[in-house]
There are 2 protein chains.
Amino acid sequence: MKKSDNLSLGRRQFLTGLGATGVVLATPGISVACESNKVNWDKEAEVVVVGTGFAGLAAATEATNNGAKSVIMIEKMGELGGNSAINGGLFSVPGSPLQKKSNVSDSPELMVEDQKKSGRGIANPEILLHIATHAIDAYDMCIKAGVQFNEQLVHMGGHSAPRSHSTANRTGSGITLPLTEQLLKRGVTIQNRTKFLDFVTSEDGSVQGIKVREGYYFGDENSGDIKYIRATRGVIMASGGFSQNIRLRMSQDPTLTEELRSTNAPGQTGEGLLAMLKLGATPVHMSHIQIGPWASPDEKGMGYMPLYAVFNFPHSILVDRRTGKRFVNELADRKIRADAELSCRDDKGNPYPPILITSKKSAEGSHHTLDNVLRHNVGWELENLDAIAKRFDVPLEALQQQVEDWNAYVDKGNDEQFGKPMNMVKGQKLEAPFIVVRLWPKVHYCQGGAQVNKYGEVLSADTGMPISGLYAAGEVTGGIHGVSRLGSTSITETLVMGMTAGRTVMKNTA
Amino acid sequence: MKKSDNLSLGRRQFLTGLGATGVVLATPGISVACESNKVNWDKEAEVVVVGTGFAGLAAATEATNNGAKSVIMIEKMGELGGNSAINGGLFSVPGSPLQKKSNVSDSPELMVEDQKKSGRGIANPEILLHIATHAIDAYDMCIKAGVQFNEQLVHMGGHSAPRSHSTANRTGSGITLPLTEQLLKRGVTIQNRTKFLDFVTSEDGSVQGIKVREGYYFGDENSGDIKYIRATRGVIMASGGFSQNIRLRMSQDPTLTEELRSTNAPGQTGEGLLAMLKLGATPVHMSHIQIGPWASPDEKGMGYMPLYAVFNFPHSILVDRRTGKRFVNELADRKIRADAELSCRDDKGNPYPPILITSKKSAEGSHHTLDNVLRHNVGWELENLDAIAKRFDVPLEALQQQVEDWNAYVDKGNDEQFGKPMNMVKGQKLEAPFIVVRLWPKVHYCQGGAQVNKYGEVLSADTGMPISGLYAAGEVTGGIHGVSRLGSTSITETLVMGMTAGRTVMKNTA
């Protein structure tokens, strides 16, 4: 139907100027009608950083390196460091001193090629290359702050070279603690129990500061006092992902129900991201949420299982307790394994976690990871298959047959059942006594978030241009890794992009 | 690092009340500081509908059915109907009179099962069932408005029953025109060249109306005059997808570059969605954008190719001009075929569209679709393989061998090359003269958008609760179909959810 131009059709034409009160335009920046408004600033710094994980710490460090005299960091939880402090502390650094010492040939370009493959066509190669190229700078920043790494490189899945560096204490706190200490020495203000509530903008939409609750206790949304913190140079959002926001993650993927716990710290609820979206930031890849197949339903959070499971998958079998049989290649990619585990359910559809069976002899090769799962009661030693069948209600005969079959595959060096790579099994048959653990996936990482450019500037969905005064880094941003992220690349990303945002805010306001 | 509660660390404590002017809180609704503001309303209606496609028309129809005395619909383009008016007009209706007449066994539940499969785990079964159950109501609404359907059901890919109803004129305008006429007769105001700019809200964040440009000319963002339209009951956003917003679609999928045209009307640029996100709506599945492998680079928009190609794929071969060989199963799913086509590029990486070669004799079975592609110069008759090789720069010998091989597969009823189903080929060998067309994918459908519940209420990302005064339906919403949508289900969705939103806005304000 073609209408003549500019034609208004219908029986009514309403009068102009009907008048209304109490109405404001929804979108700041487009507003022409809303009066300017005064906020009484309670505090002020050149740079305000929301979040105290890798990205926030790197941003504050690099801002002070580039001349910032005053930086305020806020953290809503009682403990600093967020998710970064509790993760596995694995850090990809192509071209590191340790790689050179170990004669490993690697390059930023090679790392990006690996990442693009894992991103399945929708990663951002430009930002990935920026990150990989500057990984060595992030590594140097860590070393200068006193971070200690183990002398052994780790070769993780999907990487074409061993390039993962492990912190001496084998958690991310090995990085967050020294960086935090250094910032305190530099006079940076770090406030815990301070929740980000909203941005404060000028009428043109540029970010002037933030509204927070100081003295906030997680879960009590009325705790503490409202304060306004002014940022004379800019606000850097480093507030993390939304894995612990069950409603939000289920809006993206209805299979990520409450029964799927998260490896993340409880504070990863995404308010910072949502506030950026309301400011007009572009949401990218929010529906790509990574779940990890190496988690235990018998412990909270990240737990001890991931490191144990990753070590033991090659020479273990993962068994569906309903059938006594294997049901997936134990070395398939994260998504394949996690989906297979999720299909193990009882008659009522409730989770019925499968069990990973390992010879004790083989598991002992995993050193402290075995000690950890046994000590914390997320893994158990059982003397024989009969004991396993009784304890986990598995059909004994089927289980016996499965183990016999598996051991034959080990002999042949060929998994006729699921085509699992056998090169790492090295003749280790399944033999009593056994170590048994239960596995159930956990929500691990939000691939999506607010879109940034390679300078750490947050891009407006309307214009594609940076939103003035607003920067972001880390898991709160999205679109960098694509569909799936390789292990140990998050520390690289968060540190490099944090540093980048810290530099950009200083440069933009120089 | 564990900090004692409520501790503020650092060398500086800033004075409170530094004072600032010209600052407003970014987020309406959370605001406690922003003064109320007066908007002079230019017009008023009970219900304001943004968009004049299927969803908007259905919403206005059902609002008036449920007692709305005044409805204003706005359309930013000169022509009404948006994308809906130009699509193929295929409408899934499980349990329709035509199905009964044709003795087709079908049900809403069966349709939802098909859709869940296509949605690959992340569709919304609750809303899909609501839609499928009410498809018959949408069909009845069409019949009452005078819509005419063909007497032949269509069995489309991924559906387990023939349930697609085709409009008599074989485009969506067969539905949009009668619904529009009916609304005009009912006194509904329909304004073309009126661009939605923003929402107007009260201080509690509820939507009171919209800000528009009347007399707007697409592409001239300063054309026309700013007006405010008050909605006393609510605003229904039916503003469509964002396939034509190249920056936004590339932010989600960097492969959807400008060279990938869209089947969509040019106005599908997503401002309505972006304004909802700024109001706090939940973005869902925006990264899932469907591209269609049945499009031609030799015509704009939807064009004549899709119907021709869908008809001829079974008995044709799709040939990479660089090699003279087939490169994909011509009946694989949309994504597989589209990705394969996109890999056909010259040395510089520029698109090098593959050619679909069909015997003229077989193509003639497609009746008017052949006439259309020949008449509009998007397909050509060529007397032999030699002519094809010359015209499209294909290695002749390889092409001859490929045709010989293909014809042998036809004889055997077995595609040894790509495992294509041969049951529809029925002995039709490739023989001169030939019809040749070029194929290159086009962006077709945004699976993602703003999250709604099954009442058509828009859900806040912060709370998961409806945003007061705001409703949405159609392609501007997201998360209903999951990763991939089945053909002919969009009309069902947009009509049913439009009707639903029209009922809900009346019920909520009764």
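Going through (1) in contact (Cβ under 8 Å) with a residue 60 or more places away in the chain; (2) open to solvent by 10 Å² or more (accessible area, probe 1.4 Å); (3) aliphatic (A, V, I, L, M) one by one, B:Val284 falls short only on (2).
Please indicate, with yes or no, whether at least one residue in the range A:330-352 is open to solvent by less than 10 Å² (accessible area, probe 1.4 Å), over 20 Å from A:Glu299 (Cα atoms) and part of a loop (DSSP other than H, G, I, E, B). Yes, the range A:330-352 contains at least one residue that is open to solvent by less than 10 Å² (accessible area, probe 1.4 Å), over 20 Å from A:Glu299 (Cα atoms) and part of a loop (DSSP other than H, G, I, E, B).
Across the range A:299-325, the number of residues qualifying as in a helix (DSSP H, G or I) and either without any contact (Cβ under 8 Å) to a residue 40 or more places away in the chain or out of contact with any helix residue (DSSP H, G or I) (no Cβ under 7 Å at 6 or more places or on another chain) (or both) comes to 5. All of A:Glu404, A:Glu431, A:Glu457 fail the test of being among the charged types (D, E, K, R) and closer than 30 Å to A:Leu495 by Cα, apart from A:Glu457. Here A:Gly241, A:Gly209 are screened, and the one residue that is facing chain B (nearest Cβ under 9 Å) and either in contact with a strand residue (DSSP E or B) (Cβ under 8 Å, 6 or more places away or on another chain) or under 30 Å from A:Met506 (Cβ atoms) (or both) is A:Gly209. Looking across the range A:165-206, the residues that are over 20 Å from the mean Cα position of the chain (by Cα), open to solvent by 10 Å² or more (accessible area, probe 1.4 Å) and of a type in the set (A, V, I, L, M) come down to A:Ala168, A:Leu184, A:Leu197. Of B:Gln268, B:Gln252, B:Gln244, B:Gln290, all but one fail to be closer than 18 Å to B:Gly51 by Cα and open to solvent by less than 40 Å² (accessible area, probe 1.4 Å); the exception is B:Gln268. Filtered by the rule that a residue be assigned to a helix (DSSP H, G or I) and either within 23 Å of A:Trp294 (Cβ to Cβ) or touching a helix residue (DSSP H, G or I) at 6+ places or on another chain (Cβ under 8 Å) (or both), the range A:391-418 gives A:Arg391, A:Phe392, A:Leu396, A:Leu399, A:Gln400, A:Gln402, A:Val403, A:Trp406, A:Tyr409, A:Val410. Entry remark, the range A:177-206: residues being within 26 Å of A:Met141 (Cβ to Cβ), within 7 Å of chain B (Cβ to nearest Cβ) and touching a helix residue (DSSP H, G or I) at 6+ places or on another chain (Cβ under 7 Å) number 3 in total. Checking each residue in the range B:443-475 for being assigned to a strand (DSSP E or B), among the β-branched types (Val, Ile, Thr) and over 14 Å from B:Arg503 (Cβ atoms) picks out B:Val443, B:Val458, B:Ile467. Scanning the range B:244-284 for residues that are in a helix (DSSP H, G or I), more than 7 Å from every other protein chain (Cβ to nearest Cβ) and out of contact with any Gly (no Cβ under 6 Å at 6 or more places or on another chain), we see that the one that is nearest to A:Val452 (Cα to Cα) is B:Met250.
In this structure, is B:Glu258 out of contact with any strand residue (DSSP E or B) (no Cβ under 9 Å at 6 or more places or on another chain) and without any contact (Cβ under 8 Å) to a residue 24 or more places away in the chain? In short, yes. Does B:Asn350 count as among the polar types (S, T, N, Q) and farther than 30 Å from B:Gly240 by Cβ? When the stated conditions are applied, B:Asn350 passes them. Residue check: B:Glu431 meets all listed conditions (1) within 11 Å of chain A (Cβ to nearest Cβ); (2) acidic (Asp, Glu); (3) out of contact with any Leu (no Cβ under 7 Å at 6 or more places or on another chain) but one, namely (1). If you go through the range B:278-295 and keep only what is of a type in the set (A, V, I, L, M, F, W, C) and in contact with a Ser or Thr (Cβ under 9 Å, 6 or more places away or on another chain), you end up with B:Leu279, B:Ala281, B:Val284, B:Met286, B:Ile289, B:Ile291, B:Ala295. Does the range A:473-490 hold any residues that are touching an Asp or Glu at 6+ places or on another chain (Cβ under 9 Å), within 19 Å of B:Leu248 (Cα to Cα) and among the hydrophobic types (A, V, I, L, M, F, W, C), and which are they? Across the range A:473-490, the qualifying residue is only A:Ile480. If only one of B:Ser296, B:Ser251 is among the polar types (S, T, N, Q), over 15 Å from the mean Cα position of the chain (by Cα) and closer than 15 Å to B:Pro441 by Cα, which one is it? One residue alone meets the criteria, B:Ser296.
Among residues of the range B:112-124 that are in contact (Cβ under 8 Å) with a residue 60 or more places away in the chain, those with a beta-carbon under 6 Å from a residue that is loosely packed, with under 15 Cβ neighbours inside 10 Å and part of a loop (DSSP other than H, G, I, E, B) at least six positions away or on a different chain give the pairs B:Asp114/B:Ser160.
Quick grid of which residues meet (1) in a helix (DSSP H, G or I); (2) out of contact with any Gly (no Cβ under 6 Å at 6 or more places or on another chain); (3) within 29 Å of B:Met302 (Cα to Cα):
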position	(1), (2), (3)
B:Thr176	yes, no, yes
B:Thr180	yes, yes, yes
B:Lys195	no, yes, yes
B:Phe199	no, yes, no
B:Gly205	no, no, no
B:Val212	no, yes, yes
B:Ile229	no, no, no
B:Thr232	no, yes, no
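Among all positions in the range A:261-276, there is no residue which is over 30 Å from B:Ile480 (Cα atoms) and among the charged types (D, E, K, R).
Of all the listed residues (A:Ser484, A:Ser490, A:Ser460, A:Ser468), the sole one being surrounded by fewer than 24 Cβ atoms within 10 Å (Cβ to Cβ) and under 14 Å from the mean Cα position of the chain (by Cα) is A:Ser484.
Residue-wise test of (1) in contact (Cβ under 8 Å) with a residue 12 or more places away in the chain; (2) under 33 Å from the mean Cα position of the chain (by Cα); (3) exposed (fewer than 12 other Cβ atoms within 10 Å of the Cβ).
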| residue | (1), (2), (3) |
| --- | --- |
| B:Ser362 | yes, yes, no |
| B:Arg375 | no, yes, yes |
| B:Leu385 | yes, no, no |
| B:Ile388 | yes, no, no |
| B:Gln401 | yes, no, no |
| B:Asn414 | no, no, no |
| B:Lys420 | yes, yes, no |
| B:Asn423 | no, yes, yes |
| B:Gln428 | yes, no, no |
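Answer yes if at least one residue in the range A:215-224 is closer than 28 Å to A:Pro266 by Cβ, open to solvent by less than 40 Å² (accessible area, probe 1.4 Å) and of a type in the set (Phe, Trp, Tyr), and no otherwise. Yes - at least one qualifying residue is present in the range A:215-224. Where helices (runs of 4 or more DSSP H) fall wholly inside the range B:47-110, no range has 3 or more residues that are surrounded by fewer than 24 Cβ atoms within 10 Å (Cβ to Cβ) and acidic (Asp, Glu). In the set (1) more than 12 Å from every other protein chain (Cβ to nearest Cβ); (2) farther than 19 Å from B:Glu181 by Cβ; (3) not charged (D, E, K, R), the condition left unmet by B:Trp41 is number (1).
The values are calculated or read from the model by the stated rules, or taken from the named source; none is laboratory data. What you see is a predicted model; the values in this text were computed from it and never measured. Note that we place each Cβ from the backbone using ideal geometry, even for glycine, and neighbour counts take in every protein chain shown. Calculation scope for accessible area: heavy atoms of the full protein, side chains included, ligands and nucleic acids excluded. Shrake-Rupley method; radii C 1.70, N 1.55, O 1.52, S 1.80 Å.
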